[in-house]
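Structure incoming, see below.
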Amino acid sequence: MSKSDLYPVDPAIAARAHMDSAAYDAARVAAREEPDRYWSEVAKRLDWSRFPTKIKDVSFDKADFHIRWFEDGELNVAYNCVDRHLAERANETAIIWEGDDPADDARITFAELHEQVCRMANVLKSNGVKKGDRVTLYLPMIPAAAYAMLACARIGAVHSVVFGGFSPDSLAGRIEDCGSRIVITADEGRRGGKKVPLKANVDEALKKVAVDTVIVVSHTGGAIDWVEGRDVRYEEAAAAASPECPCEPMNAEDPLFILYTSGSTGKPKGVLHTTGGYLLWASWTQAMVFDYRPGEVFWCTADVGWVTGHTYVVYGALANAATTLMFEGVPNYPDVSRFWQVVDKHKVDIFYTAPTALRALMREGDEPVKSASRKSLRLLGTVGEPINPEAWRWYHEVVGDGRLPIVDTWWQTETGGALIAPLPGATDLKPGSATKPLPGVELEIVDAEGRPLEGAVEGGLCITDSWPGQMRTVYGDHQRFFDTYFSTYPGKYFTGDGCRRDEDGYYWITGRLDDVLNVSGHRMGTAEIESALVSHDDVAEAAVVGFPHDIKGQGVYAYVTLNADVQPSEDLRRALVAHVRKEIGPIASPDVIQWAPGLPKTRSGKIMRRILRKIAENDVTSLGDTSTLADPSVVDDLVRNRAQSQ
Ligand code: 6R9
């Protein structure tokens, strides 16, 4: 790599940063060699009702598998995110809300946040919610989403936020899996000038699974159906509720939330995070990676339906008394300058978004960016997928006027917060690399047999030791937790990602090694999309793979075998896309459907995805060995049909 591809730390930033490069090096050693002492010290950034004396107790080995952090500590997440800031910051802004419509916005102070969280918590209690109960949230990006999350945390209930773009079927599956008896939703959401029928979706989902209570927040005021005895008008209930609610003291290892995420097999897994370790990781990484200081406006564009929204819109930001910006809209509404207009309007200091949004905006040219001043910005960040160096440079040069560092943060729903990321005052940047692991993150790159590889190499990315923010289990299926993450390479957490380490020890994520797609930064399993397709009456079989997509990073390519009596048609193609949207949600819509009279299978009946990926990528000259296929002629058919459809 040429020297010009290195963006050195700005000495002025290093001088005032939480961590400069010497501090980073020292922290790496301390966290590795004396984890108890190091994390006990870091744990002081939270307020504990009982400070932990036991810090780390972990084994990744099958015989003695357990992960516990701060296990005798006691704290409350809502107290840490709200109450403890009241003494000094009651009248400072906790949440800036920017609506989908640029005319809609609001500012919520910490005092107001406290009152709203307490009222919501009391509404939950009066509807029978107790410590340990699961509460499903299906909400737009409005402050009530943060109130609801924090209200659950306050009373020790476990929230499961379901992204508002998921279908009624997906919502029903998630309600059922965690056995929640209560849903909090809104009448409708707004995105890009369109309404999202959230309450109608909940009604539809509840035809499949029953709950006792649906709390409905009024947002658009749009017409909705009402089920007496089940549905509760939030505003009425909140007005009647007390504005004070005590915080439930929680053990550090008590569950905080469940968030469903896609894996390579089966239905989505309920990733469970606990109280102490998660909050510490969220808070510490928000401070270190973004070099955050109170008073700054922090804007993470993620929806609270994803882990990035949990950790950086809500918990990490508020634990640090940040002013966090919640944006209901999309980057191209009313026009493609929206992000930068919002940056100017609310004087955003730190802006954190996904590469897919940047690639889409980059296509629109520089003018929509340059028309806004962006002078409040001091730091940029990305998350969700690898950022191609071209998009990185555009972000740096055009959005950042060549003056702002970019923190490319690699992490997963399972990791709770960032694990590989530069620190603005410590790490020289390389476009396209998430750079180096944070203190306490012990990475290993392994070959197919799990042997650690040294030096500049490429392989599977593993983590050999625990960090506080690690997930603790798959809700209701601890065996699946172990099998999914710790059985591929015994004694190590396997991330599912491929990764290259360069000669300077920088890490470059190359993408998933399993059957998980990353479409516009959203994770989904090929198996889920396949089962949605196969549930259509006309479909006999389906195989889904990813293919490179300019904007989305990866697109969804579906091979579909129809029932013998069904003819392919454009109408059917549209019907199948609509069917997938209905079953899973719009984010899973296939970009390409190729009719496949047969699928390439081994003699034991396993679909050879490697070949399907090559065809989808239009890389048909290197299909590799097809001799093990039950019927090699199937491949020729697929290649020919692809060629015809070009
Ligand atoms: C936070 C989040 C996790 C998967 C992960 C990886 C990909 C996330 C990335 C990245 C390259 C980055 N990923 N951040 N790849 N560079 N900075 O996105 O969680 O939705 O669970 O997705 O996303 O493949 O394994 P999640």
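What translational diffusion coefficient, to the nearest whole µm²/s, does the stretch 286-423 have by Stokes-Einstein, given a Kirkwood radius computed over alpha-carbon pairs, a temperature of 10 °C and 1.306 mPa s viscosity? Mind dumping the intermediate values first?
Working: Rh = 14.8 Å.
Using the Kirkwood radius from Cα pairs, D works out to 107 µm²/s.
What nm value, rounded to one decimal, do you get for the distance between residue 65 and residue 91 when each label is placed 7 Å out toward the C-beta?
According to this spin-label approximation, the distance is 5.5 nm.
Could you tell me the largest-minus-smallest coordinate of the C-alpha atoms of the chain on each of the three principal axes, in descending order and whole angstroms?
73, 64, 60
Then there's this: Over the alpha-carbon set of the stretch 360-446, divide Rg by the Kirkwood Rh and report the Rg/Rh ratio to two decimals. Don't skip to the end; give the middle numbers.
Values: Rg = 14.3 Å, Rh = 14.1 Å.
Using Cα coordinates only, the ratio equals 1.01.
Per 0.36 nm of contour for each residue apart, how much would the distance between residue 10 and residue 373 grow if the chain were fully extended, relative to their Cα-Cα spacing? Write down the numbers at each step before the final one.
Values: separation 363, 0.36 × 363 = 130.68 nm, distance 2.17 nm.
Taking residue 10 through residue 373 to full extension adds about 128.5 nm, to one decimal.
Spit out the partnerless Cys residues in the chain, using Cβ distances under 4.7 Å as the pairing rule.
Cysteines of the chain left without a disulfide-compatible partner: 81, 152, 178, 247, 300, 462, 499.
Apply the Karplus curve 6.51 cos²θ - 1.76 cosθ + 1.60, θ = phi - 60°, to the phi angles in the stretch 65-73 and return the couplings in whole Hz, x for Gly and Pro.
For the stretch 65-73, the Karplus curve yields 5, 7, 9, 9, 10, 6, 5, 9, x Hz.
How many Å³ per residue does the convex hull of the Cα positions in the stretch 1-111 occupy?
Details: hull volume 30.2 nm³, N = 111.
Residue-normalised Cα hull volume stands at 272 Å³.
Can you show me the helix-derived [θ] at 222 nm for the chain, built from DSSP H runs with n ≥ 4 at -39,500 (n - 2.57) apiece and divided by the number of residues, rounded to the nearest 500. Working shown, then result.
Details: 21 runs with 191 residues, N = 646.
Roughly -8500 deg cm²/dmol at 222 nm, from the helical runs in the chain.
Quick check for me: using +1 on Lys/Arg Cβ and -1 on Asp/Glu Cβ, what's the dipole size of the chain about its Cα centre, in debye to the nearest 20? Walk me through the numbers before you get to the answer.
On the way: 70 positive and 92 negative charges, 36 e Å.
So the magnitude is around 180 debye.
Here's something else I'd like to know. Provide the gained length on full extension for the span residue 625 to residue 502, in nm with one decimal, where the gain is 0.36 nm per separating residue minus the Cα-Cα distance. Let's see the in-between values first.
Values: separation 123, 0.36 × 123 = 44.28 nm, distance 3.07 nm.
Fully extending the segment from residue 625 to residue 502 adds 41.2 nm.
Let me ask another. Excluding residues fewer than 8 places away in the same chain, name every one of the aspartates and glutamates whose C-alpha is closer than 16 Å to that of residue 345.
98, 100, 101, 104, 105, 296, 328, 335
Let me ask something else. Along its three principal axes, how long is the stretch 289-334 when you only count alpha carbons? Whole Å, largest extent first please.
Over the stretch 289-334, Cα extents along the principal axes are 31, 20, 15 Å.
Another question, if that's okay. In the stretch 478-513, which residues have a backbone nitrogen under 17 Å from the label point lying 7 Å from residue 447's Cα in the Cα-to-Cβ direction?
Hits in the stretch 478-513 for residue 447 at 17 Å: 489-490, 499-501.
Could I ask something else about it? Charges at C-beta only: +1 for Lys and Arg, -1 for Asp and Glu. How large is the resulting dipole of the stretch 213-279 about its Cα centre, in Debye rounded to 20?
On the way: 4 positive and 9 negative charges, 84 e Å.
Result for the stretch 213-279 is approximately 400 debye, rounded to the nearest 20.
Multiply the residue separation of residue 606 and residue 483 by 0.36 nm, subtract the distance between their alpha-carbon atoms, and state the gained length in nm to one decimal.
Values: separation 123, 0.36 × 123 = 44.28 nm, distance 2.09 nm.
My answer for the length gained is 42.2 nm.
Under 15 Å from the 7 Å Cα→Cβ point of residue 333, by amide nitrogen: which residues of the stretch 292-321?
Those under the cut-off are 303.
Continuing with the same structure: Among residues other than residue 347 whose Cβ falls under 15 Å from its Cβ, what is the net charge (Lys/Arg +1, Asp/Glu -1)?
Details: positive: 107, 293, 345, 374, 375, 378; negative: 92, 98, 105, 296, 344, 349.
Here the charged neighbours net out to 0.
Still on this structure, I have one more. Considering only 86, 75, 30, whose Cα is most displaced toward the positive end of the charge dipole of the stretch 1-122, charges sitting on Cβ of Lys, Arg (+1) and Asp, Glu (-1)?
Checked the options; the winner is 30.
Could I ask something else about it? Give me, ordered by chain and number, the residues 5 or more places off residue 134 or on other chains with an amide H under 5 Å from its own placed amide H.
158, 181
Right, another one. Once R0 is set to 30 Å, what does the formula 1/(1 + (r/R0)^6) return for the Cβ-Cβ distance between residue 223 and residue 126, expressed as a FRET efficiency to the nearest 0.05? Before the final figure, lay out the partial values.
Numbers: r = 27 Å, r/R0 = 0.89.
That gives a FRET efficiency of 0.65.
Rounded to the nearest angstrom and ordered from largest down, what semi-axes does the equivalent ellipsoid of the stretch 471-569 get from its C-alpha gyration tensor (root of 5λ)? Intermediate values should be presented prior to the final figure.
Values: eigenvalues 205, 85, 22 Å².
Over the Cα atoms of the stretch 471-569, the ellipsoid semi-axes are 32, 21, 10 Å.
Pull up all non-local amide H partners of residue 429: gap of 5 or more, or a different chain, and H-to-H distance under 5 Å with H placed in the peptide plane.
Correct list: 7, 9.
Between residue 244 and residue 107, what is the label-to-label distance in nm when each label sits 7 Å out along the Cα-to-Cβ direction?
2.8 nm
Each value in this text was obtained by applying a stated rule to the coordinates, not by laboratory testing. The structure displayed is predicted, hence computed values, not measured ones. Cβ coordinates were reconstructed from backbone atoms using ideal geometry, including for glycine residues, and neighbour counts include every protein chain displayed.
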